[in-house]
């Protein structure tokens, strides 16, 4: 994910000390990751871009009083998430808080099991998996991404999603449980190609 | 190595495994290849874990935006920050952490440079070649500096034995580029759309504000940029060969404010920010009595430091709580900066040190 040899922490440090170039480097390093993550929280890309813009403007404006970030990525992603939820709240004053929705009420069309049964055997394995991922309850999916793509510890995931650490573990385990069951079947079919 | 992985999630939980899937290299490839030969029964779970991770990566990447959007958002950020200048009202309440941070940065730099050897030099001639445009050259063979006016309204006070090259018409290009050998003082016309670059030996100066001095004679050991007004960013030239040995601080550059200078040592490619020898009052054309009063009577130490800070545009770092009870009475109007600091510190039993381009005040405070 990072080919640049400069660490996040050094860039953060330099930004706090007023380096505009470090500030830009930090932005360039994280913009795409943040857009992709933000769109999962809310699909309106323009709003996500605005939130990212405001986030970085505030970072520069308050750079003198910013602390030494232990994890820059954690800071950026959790701040962005908070901002998007805040924007959503102010746009739709009567809408339900996304975080408070019970898991069952979240959109989920077919269960992965039925979907799998309907699929042709020779369909592209990749597309199937992607489809399943998208059909996971959003919170499970988000936790899964944070853990296995973004490399966050469970305690950090709990901090980002504003839930207990154990809940974060459960979310990830639940998602994996479903996926693994399905993936086994797929993988057994494709093992011959891989090895 | 003992690897007690049993299920796909065990693999996925393993940072090294994820690293291999997302950024495989020869080492990790051979490690996981061997692993599968040794534990063939785990092949299936490993393949599941790998496939799931790759799908997650695909999903994240499918959400990426275009480079154009990335640039546009950053431009918005820059515009927003430029229109409403940053007013720093807070006087570093976390100064201890600041000092610690500065120490870390310094240590980091020292460490890197010990392992460095001289790299290739860039000269005026080499720098000039990077320009695709037809360049005009002006050289000063006289014994007095003279002014060179550029098409965009900027002016350059060119020192003796110095020369510059530039494009006669900046309009058709997206940046204004000037190549310097020797010494010159620049007053740059503001144009946010067209940043102004000065290439001097291995140092690149990007102008965000207005006036500054660059000194880069071919035989000099150092390249020096001093800022008079405005803000200026300096960095080691992209074209320096053997980049591995240069730290990112040097490549990404540093920002200079008035009364600050950057010195690039050409042997080590070390870029150091410091205060100029004799910091001058900002906006020196306003009468001192009006702009900055240095007559204090029972003034709080924090107000005194603030006055100095503002007048010289220099960051002064101190613990407001510690010096809360310190009062100060004196007239410092005619003293140069360091003498001012000496007098203030003596009277409140403190001491100061200059770190990077900041002045750090330490002491035990005063008891009433």
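What to note about this one:
- Lone qualifier among A:151, A:170 - being modelled with pLDDT of 85 or more and not in a helix (DSSP H, G or I): A:151
This table checks each residue for (1) modelled with pLDDT of 50 or more; (2) more than 26 Å from the chain's Cα centre (by Cα); (3) assigned to a helix (DSSP H, G or I).
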{"position": "B:28", "(1), (2), (3)": "yes, yes, yes"}
{"position": "B:34", "(1), (2), (3)": "yes, yes, yes"}
{"position": "B:42", "(1), (2), (3)": "yes, yes, yes"}
{"position": "B:78", "(1), (2), (3)": "yes, no, yes"}
{"position": "B:82", "(1), (2), (3)": "yes, no, yes"}
{"position": "B:89", "(1), (2), (3)": "no, no, no"}
{"position": "B:100", "(1), (2), (3)": "no, no, yes"}
{"position": "B:109", "(1), (2), (3)": "no, no, yes"}
{"position": "B:120", "(1), (2), (3)": "yes, no, no"}
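- Restricting the search to strands (runs of 3 or more DSSP E) fully inside region B:129-209 and requiring at least 3 residues that are in contact with a strand residue (DSSP E or B) (Cβ under 7 Å, 6 or more places away or on another chain) and over 22 Å from residue B:237 (Cβ atoms) gives B:146-149.
- Residue in region B:172-180 that is under 21 Å from the mean Cα position of the chain (by Cα) and at pLDDT below 85 present: yes
- Some residue of region A:97-105 being surrounded by fewer than 12 Cβ atoms within 10 Å (Cβ to Cβ), modelled with pLDDT under 90 and either more than 20 Å from the chain's Cα centre (by Cα) or within 14 Å of chain B (Cβ to nearest Cβ) (or both): yes
- Checking B:65, B:9 one by one, the residue that is over 25 Å from residue A:168 (Cα atoms) and crowded, with 19+ Cβ neighbours inside 10 Å is B:65 and no other.
- Taking the conditions (1) at pLDDT 90 or above; (2) more than 7 Å from every other protein chain (Cβ to nearest Cβ); (3) surrounded by fewer than 16 Cβ atoms within 10 Å (Cβ to Cβ) in turn, residue B:22 satisfies each one other than (2).
- Near pairs, Cβ below 8 angstrom, 6+ apart or cross-chain, from region B:63-79 (at the interface with another protein chain (Cβ under 9 Å from one of its Cβ atoms)) to any residue that is in a loop (DSSP other than H, G, I, E, B) and surrounded by fewer than 17 Cβ atoms within 10 Å (Cβ to Cβ): B:78/B:192
- Residue check: residue A:67 meets all listed conditions (1) touching a helix residue (DSSP H, G or I) at 6+ places or on another chain (Cβ under 7 Å); (2) within 10 Å of chain B (Cβ to nearest Cβ); (3) over 23 Å from residue A:142 (Cβ atoms) but one, namely (1).
- For region A:17-32, filtering for residues that are part of a helix (DSSP H, G or I) and either more than 7 Å from chain B (Cβ to nearest Cβ) or at pLDDT 85 or above (or both) leaves 10.
- Against the conditions (1) at pLDDT 85 or above; (2) assigned to a helix (DSSP H, G or I), residue A:43 satisfies every one except (2).
- Residue match in region B:51-59 (condition: surrounded by fewer than 19 Cβ atoms within 10 Å (Cβ to Cβ), more than 7 Å from chain A (Cβ to nearest Cβ), out of contact with any strand residue (DSSP E or B) (no Cβ under 6 Å at 6 or more places or on another chain) and within 15 Å of residue A:24 (Cα to Cα)): no
The values are calculated or read from the model by the stated rules, or taken from the named source; none is laboratory data. Bear in mind that the values here come from a model prediction, so they are computed numbers and not experimental data. Every residue, glycine as well, gets a Cβ built from its backbone with ideal geometry; the counts of neighbours run over all protein chains shown.
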